[in-house]
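Input: a single structure, listed below in structure tokens.
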Amino acid sequence: MKLLFLDCQSGISGDMTLSALIDLGADINYIREHLRKLPIDPFSLNIKIVDKKGISSKQLDLRFYVTDSEEQLKPPSHALERGHTHEHSHDHGHTHTHNHGHEHSHDIGHHSHSHRKASTILQMIENSELPFRAKERSLAVFRVIAEAEGKIHGMDPEEVHFHEVGAMDSIIDVIGVCLALESLDIGRIVASPVPTGYGKIMIAHGLYPIPAPATAEILIGVPLADFHVKGELTTPTGAAFIKALVDEYGNMPPLAMEKIGYGAGKKDFEHPNVLRVVLFNVEETPQQEQITILECQLDDFTGEAMGFIMEKALNQGALDVYFTPVTMKKSRPGTLITILTKPENTFVLEELLLRETSTFGVRKSEWSRRILSREFKEIQTVYGKITVKVGMLEGEIIKIYPEYEDVKKAAYQYDVPFVDVYLVVQQAAREQVII
């Protein structure tokens, strides 16, 4: 299994992460090819080498084409990243002046009044032909951003608007990083504590302290580093990578390093403004992980509301949610809600139960669980390419299961029963992935 360590000594942003992973060995052509299949503006994605306080690093060079008679190449806004003072859209969708540490110029006039809802971006990803794991990771990152912005602005996360220019940059950064992780076959991610920087930042609603509201909301439950630097070190996109994709926080693991990559930000500080990423090749061993169990019992909640709570909990990072019929005081029939989550998402999910159900308390317990190593493979079938999940124990493949969404899509497309597609895919997988 490949393990990635994010060494966020100078913070983290979308462009830094993508360029660092490319420096680590992610195939930029693989990333470009998949991104160009999406319904987004024509773009140019390249990497250049820069020097940051003596550290030779890769830096992202992203540009968009203006779709007119003379298709002229224009630089992007990189709305969620750091740069000189400029006007652009932050994650919450309002155009504003923002002072960041990763510069990107802005000159795409034909998008100046266009917006995309978070729900539109999520639907685009769900309907795409992205590799399964890259799709799931991309959805997780955008959901984290939308949830944070929705809470800040008091609105449904799916109704959050991204200014079109900012949406394009975010799509490239978020999906690009998830494709880079797929190119490197990263199975697990560990991150160091994250510095935010300090100072003030001008957004549409006025002068705000760093970290910006969206960044601060996303970083709830994430360990912060004490690094006293004036300026924004961690952006909302970078924070969302940390919140949605990281399995564990801490120091660099005591393993043999395989390769190191550096992704550069645009602004210069007194320290090297780079994100360092380290690749480890971990021998397959039985995996143990800590999870948190949250529970509460209800006897006065409707079925519709229960379904809403399950959906929202899963969108906020729950590993699993299930309901169990129980008998409560005075022989009342009730429901036990059980949520399985990683420890870092505990606070958010506790708040969800306390704020949006009728319970007056939430029980919490810490469990350990043993899990199979997992990887996703694309299988060629008579119904096209279908993703399967492969489960391994100490290097031995012991389970192969087709992914539900791919099977469902094929069943609709070819107008055949779901179970028929499932059995065909499972048989093809056993022939193409030797057990």
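The values are calculated or read from the model by the stated rules, or taken from the named source; none is laboratory data. None of these values were measured; they are calculated from a predicted model. Glycine gets a Cβ as well: all are built from the backbone with ideal geometry, and neighbour counts include every protein chain shown. Remember, those area values only see protein heavy atoms, side chains included, never the ligands or the DNA or RNA. Shrake-Rupley method; radii C 1.70, N 1.55, O 1.52, S 1.80 Å.
Values computed for the structure shown
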read-out	value
Those residues of region 356-393 which are in a strand (DSSP E or B) and β-branched (Val, Ile, Thr), in sequence order	Ile371, Ile379, Thr381, Ile386, Thr387, Val388, Val390
Failed criterion for Met155 (all others in (1) under 19 Å from Lys389 (Cβ atoms); (2) hydrophobic (A, V, I, L, M, F, W, C); (3) over 16 Å from the mean Cα position of the chain (by Cα) hold)	(1)
Some residue of region 408-427 being free of Cβ contacts under 8 Å to residues at least 40 places away in the same chain, out of contact with any Lys or Arg (no Cβ under 9 Å at 6 or more places or on another chain), in a strand (DSSP E or B) and more than 30 Å from Ala305 (Cα to Cα)	no
Matching residues, region 379-404, being in contact with a Pro (Cβ under 9 Å, 6 or more places away or on another chain) and loosely packed, with under 14 Cβ neighbours inside 10 Å	Glu394
In region 178-234, the residues that are over 26 Å from Phe132 (Cα atoms) and hydroxyl-bearing (Ser, Thr, Tyr)	Ser192, Thr196, Tyr198, Tyr208, Thr215, Thr234
Filter result for the condition that a residue is touching a Lys or Arg at 6+ places or on another chain (Cβ under 7 Å), within 17 Å of Gly11 (Cα to Cα) and either open to solvent by less than 50 Å² (accessible area, probe 1.4 Å) or in the same structural domain as Gln9 (by the TED database) (or both), over Pro223, Pro193, Pro213, Pro209	Pro209
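Condition check ((1) more than 20 Å from Ile189 (Cα to Cα); (2) modelled with pLDDT of 90 or more; (3) open to solvent by 20 Å² or more (accessible area, probe 1.4 Å)) across all residues:
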| site | (1), (2), (3) |
| --- | --- |
| Phe241 | no, yes, no |
| Tyr249 | no, yes, yes |
| Leu255 | no, no, yes |
| Pro272 | yes, yes, yes |
| Val277 | no, yes, no |
| Val282 | no, no, yes |
